[in-house]
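Report on the structure given below.
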Amino acid sequence: MSSLAFVTRRLLGAIPTLVIIVTLSFLLTRLAPGGPFDEEQALPPEIRANLEAAYGLDQPMAVQFGRYVMGLLRGDFGPSFKFRDFTVSELIASGLPVSLTIGIAALLLAIALGVPAGVWAALARGRWPDRLLMSFAVAGISVPVFVVAPFLALAFGIWLRWLPVAGWAPGRSSDLVLPVVTLALPVIAYLARLTRGSLLEVLRAPWVRAARARGLPGRTVLLRHALPAALLPVVSYLGPATAAVLAGSLVVETIFGLPGMGRHLVQGALNRDYTLVMGMVIVYAALMIVLNLLADLVYAWLDPRIRRGGRS
Amino acid sequence: MSSGLWNDAFRQLRGDRAAMTGLVVLSWLVIAAAAGPLLVDYREDQIDWANMAVPPFTAEGHWLGTDRLGRDLLVRTLHGLRVSLVIALAATLVSLVIGVAWGAIAGYLRGRADALMMRFVDVLYALPQVFFVIILTVVFGRGPLTLLIAIGAFGWLTMARIVRGQALALREREFVEAAVVGGAGTLRIVLRHIVPNLLGPVIVYATLTVPQVILVESFLSFLGIGIQEPLASLGNLIADGAAEMETAPWMLAVPAGCLVLLVFCFNFLGDGLRDALDPRDRR
């Protein structure tokens with residue numbers, strides 16, 4: 001099977017998931033007891049009826065759903081119920097670049113540091129670099145982002161004054177250092193542990209021993225034979241890692257005051273702004289699906305067994 | 001047959017330093033959360049006008065200091081610990097019951113019923129869980145009960161998968177065959193013969209689920225969409241602390257330290273139990 005067919009099949013496979021996500025989030029928000037206009041002070045019934053008509057909430061559920069889906073296909077996520085001056089699409093368009101920048105930077109940083117750390121730990125198994133790195137890894141996995149973020153801001157922003165505590169100016173990259181590092185830390189820790197375990201397993205495999213027996217230098221055995229195989233579980237972790245980074249970005253954007261999607265989502269949830277929350281969740285879900293797809297493609301590229309046949 | 005397994009497991013666990021430390025510290029934390037607030041002279045929402053935002057060990061009676069409103073931080077942290085623990089245990093119990101029932105039935109029935117049931121699990125698995133929990137809190141309002149339901153709604157998926165895999169293997173064993181020959185019904189076989197033999201992996205995974213739930217709950221409470229003031233949870237205490245960290249860093253350090261300790265203990269204990277109860281998985 002050609003790789004083009006593989007890519008097409010995977011892309012088509014993502015569509016039902018997206019449909020379910022859109023349907024479920026629509027149904028959930030419409031099931032809600034009370035509407036978006038339930039303020040502390042009850043609105044007069046005429047105003048309420050006008051508002052509901054303006055947002056199309058007086059239509060039957062099926063019509064509302066049809067309109068919403070048609071809008072989505074045009075890239076229109078509807079109006080925000082609380083930010084009266086912005087549509088949800090505008091909020092997404094303003095937040096997405098920020099969130100993507102820190103998310104992708106964090107993932108790249110995590111791969112660049114986590115994988116070598118894991119390889120080093122595996123090669124130094126049982127000695128001090130291994131013990132040290134693995135203690136860091138356990139800490140990195142157990143300490144949540146919302147604890148790490150304020151402590152980093154306190155240490156580097158307030159006490160040492162090396163970096164801005166919070167804020168965002170376009171083009172000022174020092175604003176991004178703390179958010180990206182915070183997001184990357186748990187992924188670095190997990191990748192290091194995963195790489196170490198997987199490489200140790202591969203190094204015991206018969207084909208690696210065979211390569212050594214043929215007298216190949218240790219570096220060639222490691223880089224050409226062991227590492228590509230050892231990286232497979234690492235690649236399949238990239239999907240969950242993406243999910244972790246996206247969830248973490250809610251915290252990081254809130255703490256460091258970045259105007260990304262995560263902060264809009266949290267604001268939307270606090271205001272019970274249904275359309276905003278739905279729109280953000282759909283975009284986040286789509287992002288996750290795309291990045292999972294990318295991870296699958298890299299996996300297939302590394303492991304020809306999958307490319308050639310059968311399901312994953 | 002099973003008493004040997006449990007004895008071995010117990011011996012192995014007692015030799016595991018990290019797991020035993022986790023267990024001991026965890027017991028202290030649980031006792032402190034349950035009984036601690038009774039031993040301190042202040043209630044969790046009581047305002048001490050004379051001692052506002054005092055650092056630890058400086059004011060009489062406030063061991064760990066007070067927050068900006070003069071509320072005792074030790075009592076608030078113990079209350080937060082209590083709320084976080086209760087929600088975590090309850091949500092774990094919910095996901096345990098649903099997951100074990102779902103997985104055991106699917107694995108025992110096999111065939112089309114199994115395929116259908118596990119397909120449903122796959123679909124829920126593909127959803128971005130944290131975001132759907134957020135939607136649920138938006139829809140049903142914020143509060144402990146919503147959190148419990150929302151977290152429980154997704155927590156059972158992995159448990160169902162693990163249990164199903166085990167059940168598929170168990171149903172081929174002789175004692176199940178014997179029960180079938182003996183005329184036992186499906187429900188009886190699942191409850192009396194399959195489920196008891198699943199206990200090992202179920203205990204291990206449940207222990208590892210608790211810290212996950214604690215983290216999700218504190219994450220949402222931190223963002224302001226979980227447990228609400230004046231009720232304290234470790235998450236909203238950390239959020240309060242982060243807001244005041246410049247002037248009162250202890251407000252951040254105390255609940256954060258408590259949360260990290262709690263998660264560490266559960267993870268160490270869970271890893272130890274896995275080594276003890278599931279020898280195949282030992283690395």
Residue in the stretch A:104-127 that is among the charged types (D, E, K, R) and either more than 14 Å from chain B (Cβ to nearest Cβ) or part of a helix (DSSP H, G or I) (or both) present: yes
Condition broken by B:T146, with the remaining ones in (1) more than 28 Å from B:D271 (Cα to Cα); (2) touching a residue at least 24 places away in the same chain (Cβ under 8 Å); (3) among the hydroxyl-bearing types (S, T, Y) satisfied: (2)
Among the residues listed as B:D45, B:D72, the single one being modelled with pLDDT under 75, among the acidic types (D, E) and on the phi < 0 side of the Ramachandran plot: B:D45
Enumeration of residues in the stretch B:220-238 that are buried (at least 23 other Cβ atoms within 10 Å of the Cβ) and either within 17 Å of B:V260 (Cβ to Cβ) or more than 10 Å from chain A (Cβ to nearest Cβ) (or both): B:S221, B:F222, B:G226, B:I227, B:A232, B:S233, B:L234, B:G235, B:N236, B:L237, B:I238
Residue list for the stretch B:28-43, filter: within 19 Å of B:P230 (Cβ to Cβ) and either polar (S, T, N, Q) or within 20 Å of the chain's Cα centre (by Cα) (or both): B:A33
Listing of helices (runs of 4 or more DSSP H) fully contained in the stretch B:71-165 that carry 3 or more residues being within 30 Å of A:L291 (Cα to Cα) and within 14 Å of another protein chain (Cβ to nearest Cβ): B:111-126, B:129-140
Hits in the stretch A:49-86 - residues which are surrounded by fewer than 18 Cβ atoms within 10 Å (Cβ to Cβ) and among the polar types (S, T, N, Q): A:N50, A:Q59, A:Q64
Only listed residue being among the aliphatic types (A, V, I, L, M), surrounded by fewer than 23 Cβ atoms within 10 Å (Cβ to Cβ) and at pLDDT 85 or above, chosen from B:V100, B:V121, B:V130, B:V163: B:V121
Whichever residue in the stretch B:247-263 is within 18 Å of the chain's Cα centre (by Cα) and of a type outside the set (A, V, I, L, M, F, W, C) and, among such residues, is nearest to B:V86 (Cα to Cα): B:P255
Subset tally (residues that are part of a loop (DSSP other than H, G, I, E, B) and in contact with a helix residue (DSSP H, G or I) (Cβ under 9 Å, 6 or more places away or on another chain)) for the stretch B:55-70: 7
Criterion (acidic (D, E) and assigned to a loop (DSSP other than H, G, I, E, B)) met by exactly one of B:E177, B:E246: B:E246
Out of A:L123, A:L109, sole residue that is modelled with pLDDT of 90 or more, surrounded by fewer than 18 Cβ atoms within 10 Å (Cβ to Cβ) and not charged (D, E, K, R): A:L109
Contacts under 6 angstrom Cβ, first residue in the stretch A:126-141 being within 14 Å of A:L191 (Cβ to Cβ), partner among the hydroxyl-bearing types (S, T, Y) and modelled with pLDDT of 90 or more, 6 or more apart: A:I141/A:Y190
Within the stretch A:244-285, considering residues that are surrounded by fewer than 24 Cβ atoms within 10 Å (Cβ to Cβ) and of a type in the set (S, T, N, Q), the one nearest to the other protein chains (Cβ to nearest Cβ): A:T254
Total residues in the stretch B:212-234, condition in contact with a Leu (Cβ under 7 Å, 6 or more places away or on another chain) and part of a helix (DSSP H, G or I): 6
Long-range neighbours under 7 Å by Cβ, at least six apart or interchain, first residue of a type outside the set (F, W, Y) within the stretch B:178-205, second not in a helix (DSSP H, G or I): B:I194/B:R171; B:G200/B:D278; B:P201/B:D278; B:V204/B:D278
Residues within the stretch A:198-221 that are closer than 19 Å to A:A124 by Cα and in contact (Cβ under 8 Å) with a residue 12 or more places away in the chain, tallied: 9
Residue check for B:M251: free of Cβ contacts under 8 Å to residues at least 40 places away in the same chain and out of contact with any strand residue (DSSP E or B) (no Cβ under 6 Å at 6 or more places or on another chain): no
Subset tally (residues that are within 7 Å of chain A (Cβ to nearest Cβ) and part of a helix (DSSP H, G or I)) for the stretch B:249-272: 7
Count of the stretch A:249-265 residues which are in a helix (DSSP H, G or I), under 22 Å from A:A93 (Cβ atoms) and either β-branched (V, I, T) or in contact (Cβ under 8 Å) with a residue 60 or more places away in the chain (or both): 9
Elements of type helices (runs of 4 or more DSSP H) in the stretch A:144-233, at least 3 residues being over 24 Å from A:L246 (Cβ atoms): A:174-203, A:206-213
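The values are calculated or read from the model by the stated rules, or taken from the named source; none is laboratory data. Values in this document were obtained by computation on a predicted structure and should not be read as measured data. Every residue, glycine among them, receives a Cβ derived from its backbone with ideal geometry; neighbour counts consider all protein chains shown.
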